[in-house]
Amino acid sequence: MVRILVFIITLLPAVLLAQIENGDFSVGSLGCSNVSGWTFSNGSAAPEITFAFTGSNTWLDLTPCGAFGNGSWIEQEVATQPGQCYQLNFELGSVCGWDGSDAGVYITIDGMQLGERIFNDSMLCNPGVINFMPFTSPIFQANSNTTTIRFRGEGRCTALSVSIGGGCSSIGQLANPGVIGIDNISIEQISSAANWSSPIPEILEICPGQTTTLNASIGSSSATYTWNNGSIGSEITIDSPGFYEVVIEDGCLAASFSTEVILIPSPELELGNSIAGCYPNGVSIGQDYTNIVWQDGNFPTPRTIQANGLYIGFIENQCGSATDSISVELDVMPITDEIIESTVCDGLTGQINIDLESPFSWIWPNGESDETYTFTSSQYFVMPVSSPCGTVNFTIDLSVISCDVGVYIPNSFTPNGDGNNDIWQPIPNKVQITHCLIYNRWGEKIFESDQPHPVWVGDFKAGEYYCPDQMYNYQVSYIDPDGQAEIAIGHITLVR
């Protein structure tokens, strides 16, 4: 998305083209006399040039000459450029402890009043010292090659008790002031570019279907507004993204401002229906988002999942919200390779099992893929066991040995469910087992069987309990080829 920056036209440096003659009143005689460059009110209303209260610095008192009151004025015709904008700078001053009125002036331009009365009502100074403060007039536009500028003095009450010129019955009433000081009058030409602050935002975000407004009003009744979409007026209605620019003109001042309107889409969340992966690596969900809130807790996005289940996400912004779910299915990966060993007497058939469920797969040397593999001869081979999550190797070591007449009885086994040496089983050779008994060190019977091929998995009371690691005693009864009854007695070590 392309962003277009807002610009604000700032006040350009002032250029002193027009000139005020003798604005500091340094040329002329003290007292009620003509001041070079200025025309002033006549008779008793004439102002007075003086340096009282300021040492040798001369200034003008706009009260009547030799008296107190309002209405004295001075004016000057200044060369100007038609259509150009100007501003007056000057200082106003009152005397502390002299009276209770402010020092104020009305300014007229070619006989028309410029703004409201401008005044200095500060009395915070040392007694007997005139307190000048700087002021600036409103901006005005010249209509011809010369412009007549007039300053007329008018003081108003700032205190209810005054010692000169009569009392004040209320604050702000017209007073009879003793001093309305004015000094250092100058004029400056102002560029046509205004220094208004931007009345509209740089960026405006809207939602789909939303209608809003842009208001560029600068608070001036004389200002005009022209928008780049052809609209006229300070306010326009916005319902689509884009770049909106307004040109504001107020007299001789003008500036342009702009707003980029950005459409924020309503949120959409698409996690997918399901995803498969491998355990323990897991899978990542929500990769295309950064702000998903999950139903089952506060997790970062994207999120790594290491357990099967249904995961529900939620997102929102200023334009709405959305929710979606995804099913995660992970397959288990074998952790390590395994070794399977088995021994059987010559003439008998041995058997081994791989207790793994789909999606694991393997192929025995005989081409079969069953869980059980039988053998009658010694074999050694490595068999890959595969799943979608990888492949491990099972090392198979099968031995067929020559056994004496009697019973081959293992002296230890490890019933831990790893598929290797998990059972204890006497192996008869040319004899028939008739009874098998196992008991613990205290003589308590743990296992008993009348089967010809008894198998003990290390349990007690038909699987209700699992026996602890220790040594157990066995007694195996069998019939030899001559029909004689025999008993084999020994020890078994159980280690899980």
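The values are calculated or read from the model by the stated rules, or taken from the named source; none is laboratory data. Owing to the predicted nature of the structure, the values given are computational and were not obtained by experimental measurement. Positions of Cβ are generated from backbone atoms using ideal geometry, with glycine treated the same way; all protein chains shown enter the neighbour counts.
Taking the conditions exactly as written (within 26 Å of Gly251 (Cβ to Cβ), modelled with pLDDT of 90 or more, among the aromatic types (Phe, Trp, Tyr) and crowded, with 20+ Cβ neighbours inside 10 Å), does Phe140 satisfy them or not? Here the answer is yes, as Phe140 does meet what is asked. Of the residues Asn131, Asn176, the single one that is at pLDDT below 90 and assigned to a strand (DSSP E or B) is Asn131.
Restricted to the range 74-117, and to residues that are among the small types (Gly, Ala, Ser) and touching a Pro at 6+ places or on another chain (Cβ under 8 Å), which residue is farthest from Arg156 (Cα to Cα)? Full working, then the answer.
Looking only at the range 74-117, we keep the residues that are among the small types (Gly, Ala, Ser), and these are 79, 83, 93-94, 97, 100-101, 103-104, 111, 115.
Subset that is touching a Pro at 6+ places or on another chain (Cβ under 8 Å): 94, 97, 101, 103, 115.
On the way: Ser94: 12, Gly97: 15, Ser101: 5, Ala103: 8, Gly115: 17 Å.
It comes out as Gly115.
In the list Asn273, Asn317, which residue meets the criterion of being modelled with pLDDT of 90 or more and in contact with a Pro (Cβ under 7 Å, 6 or more places away or on another chain)? Just a single option satisfies the conditions, and that option is Asn317. If you go through the range 387-405 and keep only what is at pLDDT below 85, surrounded by fewer than 17 Cβ atoms within 10 Å (Cβ to Cβ) and closer than 28 Å to Ile479 by Cα, you end up with Ile401, Ser402, Asp404, Val405.
Mind checking whether some residue in the range 65-87 is under 55 Å from the mean Cα position of the chain (by Cα), among the aliphatic types (A, V, I, L, M) and surrounded by 21 or more Cβ atoms within 10 Å (Cβ to Cβ)? I'd like the intermediate steps shown before the answer.
Let us first name the residues in the range 65-87 that are under 55 Å from the mean Cα position of the chain (by Cα), namely 80-87.
Checking which are among the aliphatic types (A, V, I, L, M) leaves us with none.
The answer is no, given that none of the residues of the range 65-87 is under 55 Å from the mean Cα position of the chain (by Cα), among the aliphatic types (A, V, I, L, M) and surrounded by 21 or more Cβ atoms within 10 Å (Cβ to Cβ).
Is at least one residue of the range 262-280 closer than 22 Å to Pro201 by Cα and part of a strand (DSSP E or B)? Yes, the range 262-280 contains at least one residue that is closer than 22 Å to Pro201 by Cα and part of a strand (DSSP E or B).
Within the range 461-496, the set of residues being more than 60 Å from the chain's Cα centre (by Cα), under 13 Å from Pro415 (Cβ atoms) and β-branched (Val, Ile, Thr) comprises Ile492, Thr493. For the range 342-360, filtered to residues that are on the phi < 0 side of the Ramachandran plot and exposed (fewer than 13 other Cβ atoms within 10 Å of the Cβ), the residue that is nearest to the chain's Cα centre (by Cα) is Pro359.
Residues in the range 92-106 that are at pLDDT 85 or above and surrounded by fewer than 21 Cβ atoms within 10 Å (Cβ to Cβ): 1 in all. Is at least one residue of the range 418-434 in contact (Cβ under 8 Å) with a residue 40 or more places away in the chain, under 19 Å from Ile340 (Cα atoms) and exposed (fewer than 14 other Cβ atoms within 10 Å of the Cβ)? Yes: one or more hits. Taking the criterion of being more than 21 Å from Tyr408 (Cα to Cα), in contact with a Pro (Cβ under 9 Å, 6 or more places away or on another chain), modelled with pLDDT of 90 or more and in a loop (DSSP other than H, G, I, E, B), would at least one residue in the range 445-460 satisfy it? No, the range 445-460 contains no residue that is more than 21 Å from Tyr408 (Cα to Cα), in contact with a Pro (Cβ under 9 Å, 6 or more places away or on another chain), modelled with pLDDT of 90 or more and in a loop (DSSP other than H, G, I, E, B). Suppose we filter the range 148-161 for residues that are of a type in the set (Val, Ile, Thr) and more than 16 Å from Trp73 (Cβ to Cβ); how many remain? Result for the range 148-161: 1.
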